[in-house]
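Each remark here refers to the structure printed beneath this line.
The values are calculated or read from the model by the stated rules, or taken from the named source; none is laboratory data. Worth saying up front: this structure is predicted, and the values here are computed from it rather than measured. Methodologically, a virtual Cβ is constructed for each residue, glycine included, from the backbone with ideal geometry; neighbour enumeration extends over all protein chains shown.
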Amino acid sequence: MGFGALHRWNGPAAIAGGVLWMVLRPLVATTWHNPNFGLTYEDYNRLMVAPLALLLLGALGLHARCAGHTSE
Amino acid sequence: MLGFPLMPLAVVVEFCFAGGVNTGDWTGSVTGWLIFLLGYTATTAGLVVFGVAARPGALLGRWSALPLAGGVVGLLWPFLAEVSIVLNVLIQVLFGPGWVALGSFLLTQERRGSVPERLREIPTLGCVVELGRPT
């Protein structure tokens, strides 16, 4: 993936990751031994890979900008 | 920044490969959990450093207090989580708005098609100290 694509998607990725985080973390925190909405603690934690990957993309974008890489 | 990639890696190790400490392989799950704690501690400590080094309003505008707040509360999470489930949930949710703010900032910069000079001065998170220097 080029820096152009990284620049284009890191903002939306960070926003989507942050929103997903806010939705999933409370569910992770409250399902240790009590499944919620049919999903277990393990299921919600597996879903947490998605927001974490999105947030990582956002962090990489910030890092690339800080390093002076432009979208051109 | 260096600690953050450990968090998704830990979740994959603990829950996708080992299956979780409740129902899966105990050793693999604990290994994943330890990786997560290492990444989590490094990330929250990094947020505190970032929040202290960055001038108020310099990078994220009105959201500038979020990295420091998120970092401090994040570091206190293991202790505060024991107090009550509500506090535990609130602390974990607080990590999200900071990322939304960062995403909004990055999106704004992308639309403007420019990178602020002060951002160019931060090649790594360690160099965020540059951000705190008076101009």
So which residues in the range A:1-28 are over 16 Å from B:Leu94 (Cα atoms), buried (at least 21 other Cβ atoms within 10 Å of the Cβ) and among the small types (Gly, Ala, Ser), if there are any at all?
A:Gly11, A:Ala13
May I ask you to verify whether A:Leu55 is of a type outside the set (Asp, Glu), modelled with pLDDT of 85 or more, closer than 25 Å to B:Glu14 by Cβ and in contact with a strand residue (DSSP E or B) (Cβ under 7 Å, 6 or more places away or on another chain)?
no
Residues in the range B:41-60: is at least one surrounded by 15 or more Cβ atoms within 10 Å (Cβ to Cβ), β-branched (Val, Ile, Thr), modelled with pLDDT under 80 and farther than 19 Å from A:Met22 by Cβ?
no
So, first residue in a loop (DSSP other than H, G, I, E, B) in the range B:77-100, second residue crowded, with 16+ Cβ neighbours inside 10 Å, Cβ within less than 6 Å, six or more apart or across chains; the pairs are B:Ala81/B:Asn88
Anything in the range B:75-107 that is under 16 Å from A:Ala16 (Cβ atoms) and among the polar types (S, T, N, Q)? List them, or say none.
B:Ser104
Going through the range A:29-46 one residue at a time, which ones are of a type in the set (A, V, I, L, M, F, W, C) and either over 15 Å from B:Gly20 (Cα atoms) or buried (at least 18 other Cβ atoms within 10 Å of the Cβ) (or both)?
A:Ala29, A:Phe37
Determine which single condition A:Gly61 fails, assuming it passes every other condition in (1) at pLDDT 85 or above; (2) touching a helix residue (DSSP H, G or I) at 6+ places or on another chain (Cβ under 9 Å).
(1)
